[in-house]
Amino acid sequence: MSLSIRNQIPGTVVSVHPGEVMATVKVRLEGGQEITAAITLEAAQELGLAPGSPVRVLVKSTEVSLATAAVGGLSIRNQIPGTVNGITSGGAMASVKVGVVGGELTAAITKDAVTDLGLTAGSSVVALVKSTEISLATD
Amino acid sequence: MSLSIRNQIPGTVVSVHPGEVMATVKVRLEGGQEITAAITLEAAQELGLAPGSPVRVLVKSTEVSLATAAVGGLSIRNQIPGTVNGITSGGAMASVKVGVVGGELTAAITKDAVTDLGLTAGSSVVALVKSTEISLATD
Amino acid sequence: MSLSIRNQIPGTVVSVHPGEVMATVKVRLEGGQEITAAITLEAAQELGLAPGSPVRVLVKSTEVSLATAAVGGLSIRNQIPGTVNGITSGGAMASVKVGVVGGELTAAITKDAVTDLGLTAGSSVVALVKSTEISLATD
């Protein structure tokens, strides 16, 4: 299966916290970063997720936001530091490639945001992803 | 590969409209419904999407909204009519199963929304999904 | 703090309703509008959110949909009325600036949606945001 989802990062499940409808799953990436995914309880059960399960963390490019530094006091659980590798701009949107430990992320953000943040190749950024935007895959 | 993404609907690509950064891909589902996905141009190219390509439309449950009737004058491109099959409620969220032509969708919405809409098994609903929330997979 | 997230609206927490995994947080904006955010319980706890907490409501542009009038019978909790200030179109997507009480929102929607809704500067619209797409920040 090939996916249109640009961001696929390998990791290992650290913990699964089930609710009645949703579950939060903590995943440690190969680079050491810990990620929180909020998925349906049903999905966590069907994938048989448990501590130690190898997974891939999936994030659609349109769900990745960028900040120019780590952000405190933010409900967004996932903050991954990196460096801008390149930017492609269209009329309304821009695609920003961000090199992170162990790979590269793509963020699809507005062209306005690229301008306002003054992003160029080499800029230090932090990629932000809300837990509810993260999907998980097992092989 | 097994995915935590609950909603996976088979279809066929009807058209691919490339922009500079994003591409809109129209997909006809087996039930006849036409879906619009806004994905990165890069993804469309790497998957080799073209009219006739078989794909699966992927939508995370947290990205599915529900309405009690079709909604006009709305930027949300994708409206799929169905019937509520069942509801599981937690403390804050609820998981609503919606039977649609050719399958079932899961919507993770707030418990408040279930109450306000008066949803129960048998309710007629329309599932709404923004184009930017739709991913595509090829086999 | 520089964030790519275009939409940042100040408000005050009205209530926090915790579930096992997720929490729904009601926030009153300065313009009087009430917003619901569905965030992880962990995030609500770590930010110390309680009635009276000042917060900023954050919404990525790709998560904002537009309707030409208020929509009833819809699970989407957040509907903010406004007026289109301007539209920038790319090949596939468009960025629509919407003036609302106390500020401006950016919606990244498909160019097709702009055409179908007949949006131009001055159009009355309602911005729609699903609760699960809203993040919160404290200072």
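The values are calculated or read from the model by the stated rules, or taken from the named source; none is laboratory data. As the structure is a prediction and not an experimental result, all values here were calculated from the model. FYI the Cβ positions are ideal-geometry reconstructions off the backbone, even for glycines, and counts take in every protein chain you see. Keep in mind that these areas ignore ligands, DNA and RNA; they rest on the heavy atoms of the full protein, side chains included. Shrake-Rupley method; radii C 1.70, N 1.55, O 1.52, S 1.80 Å.
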inquiry  = If I histogram all Cα-Cα distances within the stretch B:1-66 using bins 5 Å wide from 0, what percent of pairs lands in each bin?
reply    = 4, 17, 26, 24, 20, 8, 1
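Please compute the net charge surrounding A:Ile39, taking Lys and Arg as +1 and Asp and Glu as -1 over other residues with Cβ under 11 Å from its Cβ. Intermediate results must be reported in sequence, preceding the final value.
Numbers: positive: B:Arg6, B:Lys60; negative: A:Glu42, A:Glu46, A:Glu133.
The answer is -1.
Compute the FRET efficiency between A:Ser124 and A:Val14 as 1/(1 + (r/R0)^6), taking r as their Cβ-Cβ distance and R0 = 30 Å, and round to the nearest 0.05. Don't skip to the answer; put the middle values down first.
On the way: r = 27 Å, r/R0 = 0.90.
My answer for the efficiency is 0.65.
At a temperature of 10 °C and a viscosity of 1.306 mPa s, determine how fast the protein assembly as shown diffuses translationally according to Stokes-Einstein, using the Kirkwood radius over alpha-carbon pairs as Rh; express D in µm²/s, rounded to the nearest whole number. Don't jump to the answer; show the numbers that get you there.
Details: Rh = 21.0 Å.
So the translational diffusion coefficient is about 76 µm²/s.
Hey, which of these cross-link pairs are over 19 Å Cα-Cα: A:Lys97/B:Lys60; B:Lys111/C:Lys60; B:Lys130/C:Lys130; C:Lys60/C:Lys130; A:Lys60/B:Lys130? Kindly include the intermediate steps, with their values, before the conclusion.
Working: A:Lys97/B:Lys60 24 Å; B:Lys111/C:Lys60 23 Å; B:Lys130/C:Lys130 10 Å; C:Lys60/C:Lys130 11 Å; A:Lys60/B:Lys130 13 Å.
Checking Cα-Cα distances, A:Lys97/B:Lys60; B:Lys111/C:Lys60 exceed 19 Å.
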ask   = Given the C-alpha centroids of the stretch B:5-84 and the stretch B:88-110, what is the distance between them in whole angstrom?
value = 19
ask   = In angstroms, what radius of gyration and Dmax does the stretch A:46-118 have, counting Cα atoms only?
value = 14.6, 44
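In what order, largest first, do A:Lys60, B:Lys26, C:Lys111 sit by accessible area if the probe radius is 1.4 Å?
Numbers: A:Lys60 25, B:Lys26 50, C:Lys111 70 Å².
Final ranking, largest accessible area leading: C:Lys111, B:Lys26, A:Lys60.
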ask   = What total accessible surface area, summed over both chains, is buried at the interface between chains C and B, computed with a 1.4 Å probe and given in Å² to the nearest 100?
value = 2700
B:Thr138 versus A:Glu34: modelled label distance in nm, points set 7 Å from Cα along the beta carbon direction = 3.9
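How would C:Met22, B:Met1 rank on accessible area, largest to smallest, probe 1.4 Å? Please list the in-between numbers first.
Numbers: C:Met22 5, B:Met1 75 Å².
Most to least solvent-accessible, the answer reads B:Met1, C:Met22.
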task = Calculate the mean, over all residues of peptide C:94-101, of how many other protein chain Cβ atoms lie within 10 angstrom of the residue's Cβ.
result = 2
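Normalised by the empirical 2.2 N^0.38 Å for globular proteins, what value does the Cα Rg of chain B take?
Working: Rg = 15.3 Å, N = 139, 2.2 N^0.38 = 14.3 Å.
So chain B has a normalised radius of gyration of 1.07.
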request  = Mind checking B:24-34 for the average number of partner chain beta-carbons within 10 Å of each residue's beta-carbon?
outcome  = 1
ask   = Which semi-axes, in whole Å and largest first, does the equivalent ellipsoid of the stretch A:88-139 have when worked out from the alpha carbon gyration tensor as the square roots of 5 times its eigenvalues?
value = 23, 14, 10
note = Answer in debye to the nearest 20: the dipole magnitude of chain B about its Cα centre, from +1 Lys/Arg and -1 Asp/Glu charges placed on Cβ, is 240
